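Below is one structure, written out as structure tokens; comments come after it.
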Amino acid sequence: MFNFLSEKFSGVLGWLKDKGRLTEDNIAQATEQVRTALLEADVPLDVVDAFLAQVHQEILGRNIHKSLNPGQQLIKVVHDKVLDFLGGKGTVTNISFQIPSVALVMGLQGSGKTTTIAKLAYYLQDQAKKRGKTRRILLGSVDFYRPAAVDQLEILAKQVGVTFFRATSTDPIKAAQEIYTYFKDNAFEHLLLDTAGRLHIDTVMMDEIKTITAKLQPKYKFLVLDAMTGQESLTVAKAFEEAVGFDYAILSKMDSDTRGGAAFGFRYALKKPIVFVGVGEKAEDLEAFIPERMTSRILGMGDIMTLIEKATDQISQQEQTSMTSKLMDGRFSLKDFADQMGMMDRLGSLQQITRYLPGMGNVSPEAMEKGQTEMKRFRAIISSMTNKEKLVPDILDASRRKRIASGSGTSVQEVNQLLQRFEQSKEMIKMLKKSGMMRKFFK
Ligand SMILES: Nc1nc2c(ncn2[C@@H]2O[C@H](COP(=O)(O)OP(=O)(O)OP(=O)(O)O)[C@@H](O)[C@H]2O)c(=O)[nH]1
Ligand SMILES: [Mg+2]
């Protein structure tokens, strides 16, 4: 995600960081590179110009080239401006979905509407579950243009475990009313209504959504934008805003190799909040849009916070605490190493995890897959060890290694490789501990 923009930015920022002094000249050079990066990421020209104008103003205002660390100062200016453009510090848009309420999801064909509905249903359910509650959620579709569209939503509803209602009419407006009546009569708390997508914005489609909106008065109108479409998506957003109006945007497919232009330009151009981003095809692949995080992703600083949040969500607190204390005081055995790899498994693929780590954005998918295979093999090897061997790896002599290799269907060389890796991670933990990073990581 954003690899493109983040690569370009880290290039410029890396170059700046080492500059003890900045001249008007190299400031100009740096901002020119930022400009090229944004344009190449498909950020609309007027947005790029507005961005650079603000950066320039800030540079002049702060008298940057006379400051103590001009390179760092400039990085900070760029960082702060990117953050501003994405919505500003601390502006997480939390929607507290009212009960009962209707949400309408719209967007172009294939933008991810139907998938997003399933994700929203999952999200609502999950939020309620965290408070020990359940929600009565109804999904309905008025997409009769694509034959399998309604079935698709029905299947997703089943997967997520929420109710689906099929209207008898295939006229979108009548169907919307039928669904709404069913929602009211059966005292559901949320209705998430899926609409048809079209290849282009056309008046029939807009009129249809307008009528449905007028009749159902949805409390929430979401526009789903495909992050891969770049500046074209801004045109789409403007058209929807003019014709129907919407409250929030959801950027889908942010896990894809998008150049990031849409996310960057959207907020500035539309002045509407992006609430969620879709980061995969599954129902749980929905994340809150947090400007600070997006900024660090774009600027290539990694995103430790998201990772930590993911970790706390999926690994039990107890597991994490015991793991952390073992790591902290150095009692880290091969058994813990295996457990740790198991935890990584639960967190998602290595590839997903490394997206959040600083400096790991560029690891190739092949290398990633290799890592994953290696992890599996390592776990198999460790499971062939006795408890004593796991706790005191020092006793692993040649004959034990041979036994473990044949027990796990691997080679002695592979067993050696594992032990080497284990030593390396122990070293790394020591280093992290020294630098005080551990507390930050595992707080
Ligand atoms: N990788 C990834 N794929 C996504 C995401 N959201 C949707 N998709 C995929 O994009 C494709 C289209 O998604 P749909 O939800 O069917 O899109 P739609 O807007 O309902 O499409 P129409 O109803 O045909 O207009 C599907 O293959 C989805 O799995 C996402 O966040 N990440
Ligand atoms: Mg659909």
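The values are calculated or read from the model by the stated rules, or taken from the named source; none is laboratory data. Only a predicted model underlies this, so the values are computations on that prediction, with no experimental measurement involved. Positions of Cβ are generated from backbone atoms using ideal geometry, with glycine treated the same way; all protein chains shown enter the neighbour counts.
What the table shows:
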| quantity | calculated |
| --- | --- |
| Single match in LEU216, LEU223 (criterion: at pLDDT 90 or above and within 16 Å of ligand 1 (Cβ to nearest atom)) | LEU223 |
| Odd one out for THR203, checked against (1) within 15 Å of ligand 2 (Cβ to nearest atom); (2) over 27 Å from ASP126 (Cα atoms); (3) at pLDDT below 95 | (1) |
| Helices (runs of 4 or more DSSP H) enclosed by segment 330-443 - at least 1 residues per element that are more than 26 Å from ARG293 (Cα to Cα) and either in the same structural domain as GLU284 (by TED's automatic domain parsing) or modelled with pLDDT under 85 (or both) | 334-347, 365-383, 387-391, 412-434 |
| Pair list, Cβ < 9 Å and 6+ apart or interchain, from segment 130-142 residues that are in the same structural domain as THR114 (by TED's automatic domain parsing) to residues that are part of a loop (DSSP other than H, G, I, E, B) and among the charged types (D, E, K, R) | ARG135/GLU189; ARG136/GLU189; ILE137/GLU189; LEU138/GLU189; GLY140/ARG166; SER141/ARG166; VAL142/ASP171 |
| Qualifying residue in segment 185-203 (condition: among the small types (Gly, Ala, Ser), in contact with a helix residue (DSSP H, G or I) (Cβ under 9 Å, 6 or more places away or on another chain) and at negative phi) | yes |
| Residue that is surrounded by the most Cβ atoms within 10 Å (Cβ to Cβ) [pool: residues in segment 32-44 that are under 28 Å from the mean Cα position of the chain (by Cα) and in a helix (DSSP H, G or I)] | LEU38 |
| Qualifying residue in segment 74-82 (condition: away from ligand 2 (no atom under 16 Å from the Cβ), aliphatic (A, V, I, L, M) and closer than 27 Å to THR181 by Cβ) | no |
| Residue in segment 176-185 that is over 27 Å from VAL277 (Cα atoms) and basic (Lys, Arg) present | yes |
| Residue match in segment 235-243 (condition: surrounded by 19 or more Cβ atoms within 10 Å (Cβ to Cβ) and either assigned to a strand (DSSP E or B) or out of contact with any strand residue (DSSP E or B) (no Cβ under 9 Å at 6 or more places or on another chain) (or both)) | no |
| Answer residue from segment 123-172, given it is within 24 Å of VAL204 (Cα to Cα) and assigned to a helix (DSSP H, G or I) and is farthest from ligand 2 (Cβ to nearest atom) among those | PRO172 |
| All positions within segment 178-213 that are assigned to a loop (DSSP other than H, G, I, E, B) and of a type in the set (Lys, Arg) | ARG198 |
| All positions within segment 93-122 that are part of a helix (DSSP H, G or I), farther than 19 Å from ILE212 by Cβ and either without any contact (Cβ under 8 Å) to a residue 24 or more places away in the chain or not hydrophobic (A, V, I, L, M, F, W, C) (or both) | THR115, LYS119, TYR122 |
| Boolean, ILE155 is at pLDDT 90 or above, within 26 Å of ALA243 (Cβ to Cβ) and of a type in the set (Val, Ile, Thr) | no |
| Of all residues in segment 274-285 being more than 8 Å from ligand 1 (Cβ to nearest atom) and not in a loop (DSSP other than H, G, I, E, B), the one that is nearest to the chain's Cα centre (by Cα) | PHE276 |
| Members of segment 172-205 that are surrounded by 17 or more Cβ atoms within 10 Å (Cβ to Cβ) and within 16 Å of ligand 1 (Cβ to nearest atom) | PRO172, ALA175, ALA176, LEU192, LEU193, ASP194, THR195, ALA196, GLY197, MET205 |
| Pick from segment 134-150, criterion in contact with a strand residue (DSSP E or B) (Cβ under 9 Å, 6 or more places away or on another chain) and within 16 Å of ligand 1 (Cβ to nearest atom), ranking: nearest to ALA283 (Cα to Cα) | LEU139 |
| Unmet criterion (only one of (1) within 16 Å of ligand 2 (Cβ to nearest atom); (2) in contact with a helix residue (DSSP H, G or I) (Cβ under 9 Å, 6 or more places away or on another chain)) for LYS272 | (1) |
| Condition met for LEU68 (loosely packed, with under 13 Cβ neighbours inside 10 Å and at pLDDT below 75) | yes |
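For every residue, the table says whether it meets (1) of a type in the set (Asp, Glu); (2) within 16 Å of ligand 1 (Cβ to nearest atom).
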site: GLY87; (1), (2): no, no
site: ILE95; (1), (2): no, no
site: PRO100; (1), (2): no, no
site: GLY107; (1), (2): no, yes
site: THR114; (1), (2): no, yes
site: ALA118; (1), (2): no, yes
site: TYR123; (1), (2): no, yes
site: ASP126; (1), (2): yes, no
site: LYS130; (1), (2): no, no
